[in-house]
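A.B. asks: Quick one: the structure is below, and I'll ask about it shortly.
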Amino acid sequence: MITEHTSCKEDHIEFTKITVSDLIDELNELYPNLKTLDFQVAINNKIVDKESRVTEKEIALLPPFSGG
Amino acid sequence: MSRYSRHIILSEIGQHGQKKINKAKVLVVGAGGLGCPVLQYLAAAGVGTIGIIDDDLVEESNLQRQVLFGSSSLGINKAIAAKERLEDLNATIDIQAYPYRLDTSNALSLFNDYDIIMDGTDNFESRYLINDAAVLTDKPIVYGAIYKFEGQVSVFNYNNGPTYRCLFSEAPKENTIPNCSEIGVLGVLPGIIGAMQANETLKIILGFDHILTGQLYCYDALTSNAFTISFDKNDSEIMKVLAGKELFGSKSYNLSCSDRILEISSRTALEKPNAQFVDIREPDELPRLDLPDLLEIPLDKLEQNLKLIPRDKNIILICRSGVRSKKAVSIFHKHKIMNCYSLRGGAVELMAYK
């Protein structure tokens, strides 16, 4: 679902700020369509809150699905 | 017990494990894409009591993935059609069909009668309702959800573990996440995800380790990639739900984004018993319809004329192409008239069908 808003499955970005919420701001600038989507952020395969520090390199964005 | 011999010869299950399965009670919410495979495997495994709750009717577009149903099930309530099929699969178990929608008035008493709740619903409203009712009744939820080619599986509220709200605390913003009927879904995907839900359910019943609690399994059918993300319990989310116990019955889970408009095909509509057709087009729109006891109330006059609508009938709303009639269903829902359907394709398709 994220890929439809970013047109890419993964991307490498230089990130110099600190928290997850900084990262989301940066991603929203890179991919304006992301703003319309709700998602959770995982660092190293663990969901983290928005105040967490971005320390690791691998970040995943997870939207909720409703379909059944 | 030759029926279960392949379970019994597994040393991890044996007679003892099979007895646990035969005593288990599982409530399956939603007999759709996810519910069908779950039901099929749980019934085959011999789960002693299976409840099925769904207010929806089988439509032709369901048959691409809802494998319990066939052409002979069209127009029949899904819970009832599924029960019929499963009784043929395994007549030794007890199957209860609840042909209505799960809501705050029935959720707690239903959940109390079962050990495990299987979430196979197709909207956020039901998913948050299931989460909160399961927290209040202390039942584990086996969760599955799908989107186009991607699926998610998890187990919530298991042994005081994290809940759905610990993962996604609130429903997403309006209209940001489309559902299967709006965007499509690969037919086999709910089969894969539903079979995984059935597996987690059996693992819980059998007391196995490595239950998918505190973890979200994510699968991508296009790349065959899968990964598991872990998440923590959020006590404040759980406390909020527990604190709302007294108000649960009056709580509204009706999110505007998931006010579920039931659509009905011309064929199903014409065969529907106790139907009341309502034409909501303007008086000058053609062709006029020739249907028995037809009510003609234009959309903009609907709210003033609700008293004309017989509450004990299945209301089928008709416009030209099936768009305005969805708005009409929303208006009815707002006034708590829930037994209403939007005629797909509207008068145009109905005339072509007749």
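The values are calculated or read from the model by the stated rules, or taken from the named source; none is laboratory data. On a predicted model such as this, the values are computed, not experimentally measured, just so you know. Counting neighbours? That spans all protein chains shown, and the Cβs are built from the backbone with ideal geometry, glycine included.
A.B. asks: Could you list, in sequence order, the residues of the stretch B:304-328 that are at pLDDT 90 or above and of a type in the set (Val, Ile, Thr)?
C.D. replies: Within the stretch B:304-328, B:Ile309, B:Ile315, B:Ile316, B:Ile318 meet the criteria.
A.B. asks: Considering (1) more than 10 Å from chain B (Cβ to nearest Cβ); (2) over 21 Å from B:Cys166 (Cβ atoms), say which one A:Ser52 fails and leave the rest.
C.D. replies: The single condition A:Ser52 does not satisfy is (2).
A.B. asks: Which one of the conditions (1) within 14 Å of chain A (Cβ to nearest Cβ); (2) among the β-branched types (Val, Ile, Thr); (3) part of a helix (DSSP H, G or I) does B:Val142 fail to meet, given that it meets all the rest?
C.D. replies: That leaves (3) as the condition not met.
A.B. asks: Could you check, for the stretch B:164-183, whether at least one of its residues is within 18 Å of A:Asn45 (Cβ to Cβ), part of a strand (DSSP E or B), within 14 Å of another protein chain (Cβ to nearest Cβ) and not β-branched (Val, Ile, Thr)?
C.D. replies: no
A.B. asks: In the set B:Tyr143, B:Tyr114, B:Tyr164, B:Tyr147, which member is more than 25 Å from A:Asp38 (Cβ to Cβ) and of a type in the set (Phe, Trp, Tyr)?
C.D. replies: Selected residue: B:Tyr114, the only one of B:Tyr143, B:Tyr114, B:Tyr164, B:Tyr147 that is more than 25 Å from A:Asp38 (Cβ to Cβ) and of a type in the set (Phe, Trp, Tyr).
A.B. asks: If we keep just the residues of the stretch A:1-31 that are of a type in the set (D, E, K, R), in a helix (DSSP H, G or I) and modelled with pLDDT of 85 or more, which is surrounded by the fewest Cβ atoms within 10 Å (Cβ to Cβ)?
C.D. replies: Residue satisfying both the conditions and the ranking: A:Glu29.
A.B. asks: I'm trying to understand the selection: among the residues of the stretch B:16-47, which are over 22 Å from B:Leu102 (Cα atoms) and touching a residue at least 12 places away in the same chain (Cβ under 8 Å)?
C.D. replies: B:Gly17, B:Gln18, B:Lys20, B:Ile21, B:Asn22, B:Lys23, B:Tyr41, B:Ala44, B:Ala45, B:Gly46
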